[in-house]
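K.L.:
This is the structure I want to talk about, given as structure tokens.
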Amino acid sequence: MLSLIGAASRGTGDSRSAVEALESQLKTHSKDEAAALNLAQLQAATGDLVAAKSTLSAALATHPDALPLRLALAKVELAHGDVKDGEATLDQAVAAQPAQAPLLEEAGALLLAAHQYDAALTRFAQATVLEPGNALYWLNSARAQLALNETAAARESLLKAAHARPGWVPVVGMLAMMDVHAGNGQAALARVNALVASQRKDASALALKGYVEAALGDSGGAMAAYTQAQVLHPTAQVAVRLYRGRLATHQADPQKPLEGWLAREPRDWRVH
């Protein structure tokens, strides 16, 4: 129930009552791991990273083998700019459960989010050695490599991801955009057209086609692809892209895609 209170409070932006409830719980049940984790998440969400670190450190003193607590502490430390502490905490987590590819991938993702690209790439590389057939690990390796401007290595990683999981939209999209940036628009179009041909009912493939065509300056093709994607599976992101495309091409009532989305999701304040 406390976990649900914490989640609800994060969703509504009113965290005070949940923080008070969790603090009260920890006073009477100091070993409550779930309460400590939820309290730290709320503290971090409100920007009180010092308090979140204190809460997690105290909980780890009682539960030194609790992996969720250690990963949460590393995330807080990295967010606070304590890179050395964050990496050390991740090292401890990995050392406690060695040769676990999902754990290495999660550690890499935390480092990637903290812009520690070299360290993230090291973790992803370790994960790919353990599970070379996992497309996600190769995709994340490519993300880190691109951040380091290692474009040739990133392309190689993406090709391995594509081999492990053919037709996966994120991989095709990254390869296509690499083609665009390299000045090879025809190769980019060929990739997305082949994807759409193999997945005609996949709205994300059509949305990707629209994105690539927009990047290449084909407004008409982009709008057509976005429109088809929105018919198949409406999303806020495509609604915004349609709005921007209509605005750029000076169409009447450019806000119509936004209004259409809000008719479905009237509480989407971002689109409002």
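K.L.:
Any chance you could tell me what percent of the C-alpha pair distances in the chain go past 29 Å?
P.N.:
For the chain, the fraction of Cα-Cα distances above 29 Å is 51 percent.
K.L.:
Looking at region 30-176 from every direction and averaging, what is the projected area of its Cα convex hull in nm²?
P.N.:
Its average projected convex-hull area is 9.1 nm².
K.L.:
Something else now. Highest first, please rank the peptides 249-257, 227-235, 66-74 by the mean number of other Cβ atoms sitting within 10 Å of their residues.
P.N.:
Going from most to least packed, we get 66-74, 227-235, 249-257.
K.L.:
Apply the Karplus curve 6.51 cos²θ - 1.76 cosθ + 1.60, θ = phi - 60°, to the phi angles in region 207-222 and return the couplings in whole Hz, x for Gly and Pro.
P.N.:
In residue order, the calculated couplings are 5, 5, 4, x, 5, 5, 5, 5, 5, 8, x, 9, 5, x, x, 5 Hz.
K.L.:
Something else: For region 93-177, take the alpha-carbon Rg, divide it by the Kirkwood Rh, and send me Rg/Rh.
P.N.:
My calculation of the ratio gives 0.97.
K.L.:
Listed highest first by mean packing, meaning other Cβ atoms within 10 Å per residue, what order do 124-130, 30-36 come in?
P.N.:
So the peptides 124-130, 30-36, ranked by packing, come out 124-130, 30-36.
K.L.:
At a 1.4 Å probe, what is the % contribution of carbon and sulfur to the accessible area of the chain? The partial results should precede the final answer.
P.N.:
Numbers: 7890 of 14530 Å².
Here it works out to 54 percent.
K.L.:
Further question on the same structure: Given the options TYR117, TRP138, ALA52, identify the residue whose Cα lies farthest towards the positive end of the charge dipole of region 1-153 (+1 on Cβ of Lys, Arg; -1 on Cβ of Asp, Glu).
P.N.:
In region 1-153, that residue is ALA52.
K.L.:
Could you run the Debye sum over the Cα atoms of region 144-245, one equal point scatterer each and no solvent, and tell me log10 of I(q)/I(0) at q = 0.15, 0.18, 0.22, 0.24 Å⁻¹, two decimals?
P.N.:
-0.60, -0.83, -1.13, -1.25
K.L.:
OK, next. Quick one: 3J(HN,Hα) in Hz for region 136-143, Karplus 6.51/-1.76/1.60 with θ = phi - 60°, rounded, Gly and Pro as x.
P.N.:
Karplus values, whole Hz, x for Gly and Pro: 4, 5, 5, 4, 5, 4, 5, 4.
K.L.:
In percent, how large is the relative contact order of region 46-141, given Cα pairs closer than 8 Å and 6 or more residues apart?
P.N.:
19
K.L.:
For region 56-132, what is the charge dipole size about the Cα centre, in debye to the nearest 20, if Lys and Arg each add +1 at the Cβ and Asp and Glu each add -1 at the Cβ?
P.N.:
In total the dipole reaches around 80 debye.
K.L.:
Skip the ligands, DNA and RNA, and give the accessible area per residue of the chain with a 1.4 Å probe, whole Å².
P.N.:
That works out to 53 Å² per residue.
K.L.:
Per residue of region 39-45, in order, report the coupling 6.51 cos²θ - 1.76 cosθ + 1.60 (Karplus, θ = phi - 60°) as ³J(HN,Hα) in whole Hz, putting x for Gly and Pro.
P.N.:
Once rounded to whole Hz, the list reads 5, 5, 5, 5, 4, 5, 5.
K.L.:
Okay, moving on. Once both labels are modelled 7 Å past Cα along the beta-carbon direction, what's the LYS27-GLN251 spacing in nm?
P.N.:
Between LYS27 and GLN251, the label points sit 5.9 nm apart.
K.L.:
Right, next: Among 154-162, 44-52, how do they line up from the highest to the lowest mean number of other beta-carbon atoms within 10 Å?
P.N.:
154-162, 44-52
K.L.:
With r as the distance between the Cβ atoms of LEU130 and ARG264 and R0 = 35 Å, compute the FRET efficiency 1/(1 + (r/R0)^6) and round to 0.05.
P.N.:
Once the sixth-power term is evaluated, E becomes 0.25.
The values are calculated or read from the model by the stated rules, or taken from the named source; none is laboratory data. Since the structure is predicted, the reported quantities are computational estimates derived from the model, not experimental observations. Positions of Cβ are generated from backbone atoms using ideal geometry, with glycine treated the same way; all protein chains shown enter the neighbour counts. Keep in mind that these areas ignore ligands, DNA and RNA; they rest on the heavy atoms of the full protein, side chains included. Shrake-Rupley method; radii C 1.70, N 1.55, O 1.52, S 1.80 Å.
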